[in-house]
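**Q** Below: one structure in C-alpha cells.
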C-alpha cells in the first residue's frame, strides 16, 4: 500500500509541475505576442487590461476596479495616474460622493478598444488553432474553474465558509 501511495504522490507532483509549466509558458507566450502586436497602439498589456476592464465597468470606483482586477489599489492608482497623463483615462466627479473621482475612458481609449480586442481574438485563435471547438469550450471552462478556485475574492470567502461549516459540524 505505501508504494502505491508514494507512486500516486509522484504522479500528482509531476502532473502539477507539468500543468504549471504549460500554463506559465502559454501565458507568457500570449503576453509576449500581445505586447509585440499592440506596440503600435502605444499601450502596454497592463494598460490594455485596465482599458478592457474599465470598458465593461465604466465609472466604477478605483477600489472596486482594483478588486475586480485582483491587483493592489495603489498599483492601479499609479497605473491610472500614468494613463490619465497619457490621455487614456479621465477622472470625473462621483455623483454620489463629492470626494471621489471615478475613472472613465477617453475617446482615445475608446478608439483603440476594437483594435485591442481584435488583437486578443487573433492571439486566442492562433493559440487554439487545431483544437476542436468542443475542446476549446471545455478548456475555457476548466481554466475558468481553476481561476475561480484561486481567485483572491474566493480565497477571502473561504475562511468564513470554512468557519461556518466547522460550527455547523460541531452542532
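Derivation of every value follows stated rules applied to the coordinates shown; laboratory data play no part. For clarity, every value in this text was computed on a predicted model and none was experimentally measured. Quick reminder, even Gly has a Cβ in these numbers, built from the backbone with ideal geometry, and neighbours come from all protein chains shown.
**Q** Using the alpha-carbon centroid of each, what span in Å lies between the range 81-158 and the range 17-55?
**A** 11 Å
**Q** Can you bin the range 2-129 into rounded, prolate or oblate? Criterion: square roots of the alpha carbon gyration tensor eigenvalues sorted a ≥ b ≥ c, rounded for a/c under 1.5, prolate for a/b above b/c, oblate for the rest. Walk me through the numbers before you get to the answer.
**A** Details: a/c = 3.45, a/b = 1.79, b/c = 1.92.
Since a/c reaches 1.5 but b/c is at least a/b, the shape of the range 2-129 is classed as oblate.
**Q** Starting with the highest mean, order 27-34, 73-80 by the number of other Cβ atoms within 10 Å, averaged over the residues of each peptide.
**A** 73-80, 27-34
**Q** Further question: Taking the highest mean first, how do the peptides 136-149, 48-61 order by number of other beta carbon atoms within 10 angstrom per residue?
**A** Working: 136-149: 11.1, 48-61: 16.6.
Top to bottom by mean Cβ count within 10 Å: 48-61, 136-149.
**Q** Between residue 128 and residue 24, what length comes free when the chain is fully extended (0.36 nm per residue of separation minus the Cα-Cα distance, one decimal in nm)?
**A** On the way: separation 104, 0.36 × 104 = 37.44 nm, distance 1.60 nm.
Value of the extension gain: 35.8 nm.
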